[in-house]
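Beneath this line is the structure, given in structure tokens, with notes to follow.
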């Protein structure tokens, strides 16, 4: 079990959201659990025959099997959702059962004439590039809506992982969120076009787990995290979150950590101090958003459970179709940190060393110790640590 920063109560129904600006009033359950699916995690050494028998007994259809996490995704065929969920939870062969929740991405694009990338200057990225611009052998995974790998600022550096929405090998972004995140991490720099990225020479590993509307299931997101870890990603960017914890999500994060990946997660956009997941898990590096004056963004979640802050207001980055656009949110802050982690990985640092370097060199701006525990990141100082 991975370390959690404080105790939580797991609710039977909850919503995961991609961490862009979203008014708190919208953070509600938009798919009732009774209409959904169930994730069932089995205890070790449970045979396939027993699993099949369990499904028959509770009248469910097997939709998908995840061997890495040792779980099934099922849907009730006869009984009510609550009856089936309770039956699984009472079965001695089941470790846990929980609703297969829905992910959402909420975008707030701003005027595209905001042409300056103030965030890179604020975290001293240009000075960091004098030390390293990254290494193509380092992979930063974008587990999101996919990535437009044909974008001029990204073309040739994107490794195409699985598309869990279409169940194929082309994780093309049909929403925009993932491509924006990817550009902040690693857009080409000095190529005479578009924008610059935090770690312009690293490779991007794209996994699509959210559809064109920005929605997707918990089991797909967990599978995407596991795939990125299996692919050898040194850093996994999760610009998404939930107001309540999930055992499946926690297991996936724990697996990625055990494989040596640093998981960087957005703190959330409700503007409150209550936890967001997976950012609240002890094995993640959680990120809040700041503006160009180093002030806490009004939308960002905050608290001592958040480790660092990074620029997240009016961030200019890539969007599908070859364009650029500004967006705001902790989704935009998180890839600044993931990109810095990619630079550190390019210098041979492991996940623990990367985390220490980022945390210990973060600048003590106003709000440090209250809104976040360490400060706002500084790329040059982290690379010199």
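The values are calculated or read from the model by the stated rules, or taken from the named source; none is laboratory data. If you're wondering where the values come from, they're calculated on a predicted model, not measured in any experiment. As a convention, Cβ positions derive from the backbone with ideal geometry for all residues, glycine included, and neighbour counts pool all protein chains shown.
Number of residues in region 251-288 that are in a helix (DSSP H, G or I) and either touching a helix residue (DSSP H, G or I) at 6+ places or on another chain (Cβ under 9 Å) or buried (at least 24 other Cβ atoms within 10 Å of the Cβ) (or both) equals 7.
On inspection, residue 125 passes the criterion of being under 30 Å from residue 199 (Cβ atoms) and either in contact with a strand residue (DSSP E or B) (Cβ under 9 Å, 6 or more places away or on another chain) or at pLDDT 85 or above (or both). Of the residues making up region 183-199, those that are within 10 Å of residue 153 (Cα to Cα) and crowded, with 24+ Cβ neighbours inside 10 Å are 183, 186, 187, 197. Is it true that some residue in region 253-260 is within 13 Å of the chain's Cα centre (by Cα) and either modelled with pLDDT of 95 or more or outside the structural domain of residue 134 (by TED's automatic domain parsing) (or both)? Checked against the condition, which is being within 13 Å of the chain's Cα centre (by Cα) and either modelled with pLDDT of 95 or more or outside the structural domain of residue 134 (by TED's automatic domain parsing) (or both), region 253-260 yields at least one hit.
Tell me, please, whether a residue that is modelled with pLDDT of 50 or more, crowded, with 21+ Cβ neighbours inside 10 Å and either assigned to a loop (DSSP other than H, G, I, E, B) or assigned by TED's automatic domain parsing to the domain that holds residue 145 (or both) can be found in region 14-32. Within region 14-32, one or more residues are modelled with pLDDT of 50 or more, crowded, with 21+ Cβ neighbours inside 10 Å and either assigned to a loop (DSSP other than H, G, I, E, B) or assigned by TED's automatic domain parsing to the domain that holds residue 145 (or both). Restricting attention to region 332-350, the residues being more than 17 Å from residue 228 (Cβ to Cβ) and crowded, with 24+ Cβ neighbours inside 10 Å number 6.
Is there a residue in region 228-238 that is under 19 Å from residue 275 (Cβ atoms) and either modelled with pLDDT under 95 or surrounded by 24 or more Cβ atoms within 10 Å (Cβ to Cβ) (or both)? Yes: one or more hits.
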